[in-house]
Structure formats: C-alpha cells, structure tokens
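One structure is given below, encoded as structure tokens.
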Amino acid sequence: MLWALMLFLVTGSLYAQTKNQGVFKGIVVDAQTNKPLPFAAVQIADTTDGAITDDEGLFTIENIKPGYHAIKVTLLGYKTFISDALLVTNARSTYLQVSLSPSVVDIDEVKVRPSAFKEKVEAPIAFRSIPIEEIERNPGGNRDISKVIQSYPGVGSSVSFRNDLIVRGGGPSENRFFLDGVEIPTINHFTTQGASGGPTGILNVDFIREVNFYSGSYPTNFGMPLSSVLSFEQKDGNTDKMKFRATVGASDLALTADGPIGAKTTMVASARRSYLQFLFQLLDLPFLPTYNDVQFKIKHKFDSKNELTFIGIGAFDDLVLNEDANETEEQRYILGNIPTNNQWSYTLGAVYKHFYDKGYHTLILSNDRLDNSAEKYKDNVETVDNLNLNYNSYEMNTRFRYENHFYHENFKAVSGVSVQNVQYYNKTFQREYLGDEVVDYQYKTNLDYWKFGLFTQLTQAFFDQRLDLSLGLRIDGSSYASYMNNPFKQFAPRLSVKYNFTDKLSLNGYGARLYQLPVNTTLGYKDLEGNLVNKDNEITFISSDQLGLGLVLRPRENTVFSVEGFYKQYDKYPYSVQDSISTASQGGDFGVVGTEEVTSTSKGRAYGMETLYRNSDLKGFNVTASYTFFYSEFQDYRHVYIPSSWDVRHILALTVLKNLPKNWSIGARYRFQGGSPYTPYNEPKSSLKEAWDVQGQGYLDYAAFNTERLGSFSQLDLRVDKAWYYDKWTLMFYVDIQNVLATATDTPDVLVQQFDESGIPLTDPNDPNRYDLKYLDTSSGNMIPTIGIMVEF
C-alpha cells in the first residue's frame, strides 16, 4: 500500500509544472534598536537574485524557484547575515525579519568572515543553531525536535521510543525550554513528572523558525539549567493573506493557519490530534494512547519601537488499557503494571518589547500548569481492595521576567530580574511493600512558594574583536524554606572566552557555577506522619561547577569543525534514603519521579570530549557528523563513583541530506550509542506474592545498582521527500523508514509471572508464598515505515 501510494504520487508529478513564482519578502532592521535599515543588499544565497531595501527597510524578491533557500544580507557598518534555509512556494510569500548587528571595527583592518552557522558571543562554545530545513527533513525524526537534537554532540537518549534529552551525562530534569523567551516546563506529551521526557513532542514544527541549543555556557537570563537549554524562535504570521497547512504525520493530523488579523497584527495557530490509539489497537497492543495539542502566536507591532507578542501551547493526553490484548506473556506483563494515565498542560505568555537608541527592554509574563493523574488496580479489577495507586497532582507556575539589553560599540549588557510563584498539589494513595509488609501510604500536599533571581551578563570585545569576554553573574533564592531565602548563597558566576587566532580559527572556553532547585515532587513529598520530610532534612539547591574548552575551525562560509572538552562536578544532589542511590539516574521512564525521602548529600561528575563537523554543501550534500566520548558517574553509599544510568560512553551520529532534481530530496541518519548500565532484579523480594501484587513487576536490587550493562545501540534511518509546487497550493510528501536494517535493540530482560492454561499465576513449588517467575526477553528490532503528507493552500 505504501509503495502504491508513492507510485501514484510520482505518476501525478508528470503532469505538474513547476513555475518560478516564489516571493521572498521581509524587513531589515538594526538588531539593537529595531530601526529599519535602507540600502541593505539582500541576495538569495548562491544565486544572483536579490534586492535592495527601501527607506523603510523593506525588500521583495520575486520569481524565485520554489524550494528551500537561504538569504544573505550585507550593509556597510554591519555584520553580514546568512539566514537558515526557509521554504519558498508559489502559493504564498515567505516573510523574514532580518536583524543586523553593528560592526564597529574598521573593515580595512579586520576581515569579517560570515558563516551559515550562527554564533553567540555569550556562548562561544557548546552552542548550536539548528535550521528548520534539518528539522523538517531529518531522517527518523518525524518532525519531532527532540529526536532531531540527537544528531548533535553530547546528546544521548534513554530508549529509542522516548524523547528524553540526556546532555553531556546529565539527567532529563536538568534541561530548560523557552518558546519566544517564555519558559515552558515540558515539550513532550505523556511527560514524566519530575523530569522532562516523553514519547512524542508537543511543539508543532510548522511554527518554528529556528532552534538554539546550548549544552554549556548558558547566558544568565535562562535561569538555572544544569545540562541544556533549548530556545525555540517561532515564525511570525504571514503579512499578506491567510494561509493554511494540513498535515498527516506519522501519528497525528494537524491543521495550521497563519496570516494577518489586522493592519499591524499577525497570527499563527494550529491544532493536532493523534490517531495513534487506532494504530495500537490494530496492532493488538495492550495500551492505547491519545494525545491532542493546540498552539498559537499573536504578534502586534504598535510601531518600530514597541511590539507585543502572545503565545500559547496546550496538550491533553489520555492513556487507557486494551485488556483484550492479553494473549502473550509480554502483553500480560504490560497490563499488569502500567496504570491508566491522564495529563493536561498549558503555557500562556505575553512578551512586550520596547526599543530605544541603545537597546531594548523586555517584559515577560506567563502562566503554566501540568495536571497529572494515574490509577492502577490489581489485575485491573476495579474494587476498593484492589486499588494499588490513585495519584492526582498539579504544578502551576506564574512567572515574570524583566530584561534590559544595552549596547555600546563593542560592549553589551543584559541585566534583569525574575520572579516566580510556584503552586504544587499532590494527593496520593499508594500501596507499597516496605520491609516485610504491605503499607497503605497516603498523603496530601499543598505547596505555595516563590523563586526569585537577579542576573547580568556583560560582554566586551577587545583588540579589534580578536578577544571576546562575557562575564555572567546570577543569584537565586526561594521562600520554600528559611535557609533558602538568602540568594547570595546561590551566587552563580560564569565566564566565557573566545580568542580568534585568525578569521577561521578560534579557541573558546567557559567556566561556571550553576544552581538548580530540586523538583516539586521532591520538595512536596510527605512521610507517613504527614511531614514534609525533605524540608526537615534541609534539602537545598543542587550545585554544579562546569568547565569547557574547545577549538572551532570555519574554513569556509558553509563549513564548521569543532573539538570540545567538558567537565561537570555535581554537589548536593538528592540522595534516596530508601534505595541508597543518587536520584540523578531517574527520569528515563514513564510515570513520576522524586516522590521519596532524600537528603542533599549526593556527589557526581560527568566529563568527556566531543567533535562536530557540519557542511551545508559538501559536493551537494548537507552533512552533520558528531562523536562524543564521556563518563557520567555518581557516588554510591560507599562514596565510590559508579556509572549513572546515562553513562553510555560513546555517541556517534551521522546525518546526510541531498536535494535532487524535480524537487526530490533524500536523507539518511545513522546513530550509534554505547550500552546503558542497568540494575538487576532482587529476585527473592520480587517473587513474594504480597510484594508482586502491589506493583505487578519485579523489584530492583539497589545494592547492585548499575552493575550490569546492555549491548550497544545502533540504528539507520532513511527518508525520501517530494514536493509539487502549483500556482495556488503546494503538496509535500515523505516516506520515513526508521531502523531500516531492523537492528535489534538490547533491553534488560524483565521478570514475569508464569501462568497455567487457565490464566492462573503459578506458585513456586518450593514456597507457597511466592510466585513462580521467569525472565522474558523484550528486545526488539522492527523496521518502522511511516508516511507524511502536507498540503499548503
């Protein structure tokens, strides 16, 4: 069926005539003051097509061949700008606002060498800008940003079907996400509360203009990350007319609209609904997930100095069990331990910018909330006596941030303040096996506290821009406990350095002390007596000292090669009292993490090196290749460093894209990752009937934490794209094949019950108080083909 559909579309292309009627429109402004810039030269990259901006900074380039195109903008006194490649079609104009940064250096003394790969003065190392073309067409990514990021150095994953970001050996709870400057708590459906991962992304790629990814040297206005920052910049709405895009993706249907809603106002809005539950039911899987999301952006420009942006994103997720799928041992195992789950979340934000002669002010106000509920009955029989879990929780944040961006020649200062109100509610009933008895554990928490911070980032270029220095200072406090009130105890300095040996080669480095508050599920945990036991234990901020050093070579405009080394030292990480392990290894699975008693006594470290090669035109191929070698370790109860769950040692990724004639394109991505550590089961405890009946799965032997290691993981993904550009509409089609070689993924064997022919669990013949258990191999290696269709009109 798949190949028949592809043949039909290919045959249809014989009758399609591609005309060069694409239009690129935009405005060129000063990046510091937002003033329009006349007389700027705007050119379609690698062509002679172009235009000159008028007195209002506007430009229009017509009769462009449809497809992805970058533009190059030059103006005397400003740094040359090269955009990411943006899609141009006959059916609509493509709009882009270009912000040019002033260059105060005499161009007769210093060569200005532009690059297709963006740089940040505040983050000269551990920073990548990811173009939208790579996100749209990434093989195996299925237009999911979290999967695309895995092509870059330092980024690992927990398992192939999840979007956990494991960056430079840090866990999923150490990442921060921003959408047009507004912080969003998660970017995934069915998110793991207390972390950030999930099986599929919330963000609609149709909105995204560019993605900035920091794996170190974080600017101070991004708050308190420990491992990474993902900053997403969304497109502005079309200024000419309303346009639409309908998408049938690998697992969902989507409709996006963007266009003007007034003389000075534009909008982009979308809605998506999954059809994954129908596919899972056809495949006879024991769980049926449904997800939905909406997203919007409204931007109003009062004048050249004032603009206001509203953004919103929301998700509704529901997981139910398919109890008819119970024929195999694996199906029965999944039905026996997975709870039903319902989540909904939203973020609403407003961003106001006011430009002045030396920079601009930004005010950001937002509110976000995550509601999470789960329920589980023994044998899925809903009676009071069978209830093992009833979990209801929400987290709500109201955030305010003010920033002042000031520029003077080679000096830049970003200063501001952040204030955040946190409300956390949790009502839990959970049946647990503790010691040698079953305990009905229940508590109710209502937290209401504040976070506050002050920050500044001072950046100065010296010696005709040969040396760049960026000093960041930040202090943070919290009203959660009196011992957290003093923000100077969380004094977080950071320094970034860039030295240009030539216009092609630079040495870059950074050093930082960072802090992060533990997650709300930990701060709000209560013991059996109803005490905030972790507050009584004086849980406090996690701290991390980080260093990085690297060389960057930019031999040509379209090529960059970098080598970086990094070191991260963790202190005061939460340490599980019950399991005697650091919680740094948690967060790579579904459910909730952090709901346990801890102390701020764990220490850890992650260190290694990474390389990156990017060439947007290597004999017509777009190539991204990366390799990372690292260790991620935390101390055990003996104060000995042992591998964390993210200690895979080796990560290799190679992505190759190629544009072909007649609007075809192909791509391939290969990923290799070393084997993950894992913990064996405590078989004696797991086999006890009372223990097994409480959670429907085995118990890990934390005395042997991460003493075993899986085999390595590798996967080859292929993708083929085709586009037809008609006068008033565009049809785009892709075939994506994940794991084309059907390579098996090694996973730990799981303990399962054995059943008789009537479906009754077998008892251990030597002990009537124990079940007869066995190990089940759950490794899989299936090839996963998907198709996608997008129609613009």
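At a glance:
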quantity: Residue check, A625 in contact (Cβ under 8 Å) with a residue 40 or more places away in the chain, open to solvent by 20 Å² or more (accessible area, probe 1.4 Å) and more than 23 Å from G588 (Cα to Cα); calculated: no
quantity: When residues of region 209-228 are limited to those that are at pLDDT 90 or above and outside any loop (DSSP other than H, G, I, E, B), the one farthest from L517 (Cα to Cα); calculated: V211
quantity: Failed condition for A374, given (1) without any contact (Cβ under 8 Å) to a residue 40 or more places away in the chain; (2) surrounded by 17 or more Cβ atoms within 10 Å (Cβ to Cβ); calculated: (1)
quantity: Qualifying residue in region 714-727 (condition: among the β-branched types (V, I, T) and either out of contact with any Gly (no Cβ under 9 Å at 6 or more places or on another chain) or modelled with pLDDT under 95 (or both)); calculated: no
quantity: L203, sole failed condition from (1) open to solvent by less than 10 Å² (accessible area, probe 1.4 Å); (2) more than 16 Å from L226 (Cβ to Cβ); (3) assigned to a loop (DSSP other than H, G, I, E, B); (4) at pLDDT 90 or above; calculated: (1)
quantity: Matching residues in region 700-756 - criterion: being basic (K, R) and under 30 Å from N663 (Cβ atoms); calculated: R719, K722, K728
quantity: Region 136-187, residues that are of a type in the set (A, V, I, L, M, F, W, C) and modelled with pLDDT under 90; calculated: I145, V148, I149, V159, F161, L165
quantity: Selection from region 666-694 of residues that are within 29 Å of D647 (Cβ to Cβ), surrounded by fewer than 18 Cβ atoms within 10 Å (Cβ to Cβ) and of a type in the set (D, E, K, R); calculated: E683, K685
quantity: Residue identified as modelled with pLDDT under 95, surrounded by 19 or more Cβ atoms within 10 Å (Cβ to Cβ), closer than 30 Å to Y391 by Cβ and not hydrophobic (A, V, I, L, M, F, W, C) among Y407, Y480, Y443; calculated: Y443
quantity: Residue count, region 229-254 (criterion: open to solvent by less than 40 Å² (accessible area, probe 1.4 Å) and part of a strand (DSSP E or B)); calculated: 11
quantity: Unmet criterion (only one of (1) open to solvent by less than 20 Å² (accessible area, probe 1.4 Å); (2) in a loop (DSSP other than H, G, I, E, B)) for Q295; calculated: (2)
quantity: Qualifying position, being out of contact with any helix residue (DSSP H, G or I) (no Cβ under 7 Å at 6 or more places or on another chain), among the acidic types (D, E) and either outside any strand (DSSP E or B) or under 30 Å from T94 (Cβ atoms) (or both), among D693, D721, D647; calculated: D647
quantity: Some residue of region 696-704 being touching a strand residue (DSSP E or B) at 6+ places or on another chain (Cβ under 9 Å) and in a helix (DSSP H, G or I); calculated: yes
quantity: Restricting region 119-143 to residues that are among the polar types (S, T, N, Q) and either open to solvent by 20 Å² or more (accessible area, probe 1.4 Å) or within 14 Å of the chain's Cα centre (by Cα) (or both), the residue that is farthest from V205 (Cα to Cα); calculated: S129
quantity: Scope region 741-774; condition more than 29 Å from the chain's Cα centre (by Cα), of a type outside the set (D, E, K, R), part of a loop (DSSP other than H, G, I, E, B) and surrounded by 13 or more Cβ atoms within 10 Å (Cβ to Cβ); matching residues; calculated: Q754, L762
quantity: Residue among I334, I313 that is closer than 30 Å to T362 by Cα and either surrounded by fewer than 18 Cβ atoms within 10 Å (Cβ to Cβ) or within 30 Å of the chain's Cα centre (by Cα) (or both); calculated: I313
quantity: Those residues of region 562-594 which are open to solvent by 40 Å² or more (accessible area, probe 1.4 Å), charged (D, E, K, R) and under 14 Å from G604 (Cβ atoms), in sequence order; calculated: D571, K572
quantity: Conditions (1) of a type in the set (A, V, I, L, M, F, W, C); (2) within 30 Å of Q430 (Cβ to Cβ); (3) open to solvent by 20 Å² or more (accessible area, probe 1.4 Å): number failed by V497; calculated: (2)
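The values are calculated or read from the model by the stated rules, or taken from the named source; none is laboratory data. This is a predicted model, so every value here is computed, not measured. In this analysis, Cβ positions are derived from the backbone assuming ideal geometry, glycine residues included, and neighbour counts consider all displayed protein chains. Ligands, DNA and RNA are stripped out before the accessible areas are found, and what is left, the full protein with its side chains, is counted by its heavy atoms. Shrake-Rupley method; radii C 1.70, N 1.55, O 1.52, S 1.80 Å.
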